[in-house]
Amino acid sequence: MITMKRAIKNQFQINENKCLAVLLLELGFFLAGMLLLAILMRFVIDEGEGTFPLATILAAFAGAVFLFANLGEDYTSQFHTQISLGCTRKEFFVSVFLNHLILSACGMVIVLALAAAEDALNVRLYPMEKPEFAIFPILLRYGIAAVLGLPAAAALFGTLCNRFGQSVRVVFFILWMMFWFGMQWVMDAIFEPEKEIPGLFRGIAGVITAVPSGLWPVVGALAFLLALGGAWGLMRTQQVN
């Protein structure tokens, strides 16, 4: 039998290069974002309109997509092999989730460092422009929720894929695209309700605004527990091939 300590060590060895991959990916998208912002500031954005943290947003988006896909895949690619080698379901689940938690935290630390770097660079490169908003305080405020939520969502995604196969990936892809394309409509429905907004996204905005701000940490905690509980429930009854 594999002990919990050994299972955690094995996961670190299996995924030891992923933190470096996240660093290189986020850094690459950050540099691409800085170049794109320079082009926009030169040819598209009028003087005095200000700057925005495009590079940090691109880096965070790329890192989140990469981690979500890779962390979820760990539950499908490793499960049958690890259990067959003597690892219990509990040891596998805990060791994978702890490893993913550390990877998620590494990704957030990198994004925070890039956000601070972008703020400093924009002040130096565009001294006459004011930033539209400061992203660093936003990342600090919601960073813990992101660090916890990403591996929990990936755990649920991975165990669902392990149980139900390719159809889950298709459903998640559709929901993902709806989120990114519909996010602007939801924001418009909240801050500019006079605009013409599709009913689905206006309804989502209504639910968001109906929840008092003080309850959102509770909602987030419940979502975290439900995701982890659902993932563990699926893994407990998953057959080994």
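The values are calculated or read from the model by the stated rules, or taken from the named source; none is laboratory data. If you're wondering where the values come from, they're calculated on a predicted model, not measured in any experiment. Glycine gets a Cβ as well: all are built from the backbone with ideal geometry, and neighbour counts include every protein chain shown. These accessible areas exclude ligands, DNA and RNA; they are computed on the full protein's heavy atoms, side chains included. Shrake-Rupley method; radii C 1.70, N 1.55, O 1.52, S 1.80 Å.
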Met4 vs (1) surrounded by 16 or more Cβ atoms within 10 Å (Cβ to Cβ); (2) over 21 Å from Glu118 (Cα atoms); (3) aliphatic (A, V, I, L, M): all pass except (1)
Looking only at the range 123-147, which residues are in contact with a Ser or Thr (Cβ under 7 Å, 6 or more places away or on another chain), within 30 Å of Ile8 (Cβ to Cβ) and surrounded by fewer than 18 Cβ atoms within 10 Å (Cβ to Cβ)?
none
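Residues Gly86, Gly107: which one is part of a loop (DSSP other than H, G, I, E, B) and either in contact (Cβ under 8 Å) with a residue 60 or more places away in the chain or among the aliphatic types (A, V, I, L, M) (or both)?
Going through Gly86, Gly107 in turn, the sole match is Gly86.
Among Phe30, Phe43, Phe68, Phe61, which is the only one that is open to solvent by 50 Å² or more (accessible area, probe 1.4 Å) and modelled with pLDDT of 90 or more?
Numbers: Phe30 fails: open to solvent by 50 Å² or more (accessible area, probe 1.4 Å); Phe43 fails: modelled with pLDDT of 90 or more; Phe68 fails: open to solvent by 50 Å² or more (accessible area, probe 1.4 Å).
None of the others qualify; the one that does is Phe61.
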Which condition number does Ala120 fail, the rest of (1) surrounded by fewer than 23 Cβ atoms within 10 Å (Cβ to Cβ); (2) at pLDDT 95 or above; (3) under 28 Å from Glu47 (Cα atoms) being met?
(2)
Collect the residues in the range 148-171 that are open to solvent by 70 Å² or more (accessible area, probe 1.4 Å) and of a type in the set (A, V, I, L, M, F, W, C), keeping them in residue-number order.
Phe164, Val170, Val171
Can you go through Ile174, Ile190 and tell me which one is surrounded by 11 or more Cβ atoms within 10 Å (Cβ to Cβ) and over 22 Å from Lys90 (Cα atoms)?
Ile190
Of the numbered conditions (1) in contact with a Ser or Thr (Cβ under 8 Å, 6 or more places away or on another chain); (2) at pLDDT below 95, Val111 satisfies every one except a single condition; which is it?
(2)
What tally of residues in the range 194-204 results from selecting those that are without any contact (Cβ under 8 Å) to a residue 12 or more places away in the chain and open to solvent by 70 Å² or more (accessible area, probe 1.4 Å)?
3
Within the range 187-238, count every residue that is in a helix (DSSP H, G or I), within 30 Å of Phe97 (Cβ to Cβ) and not basic (Lys, Arg).
26
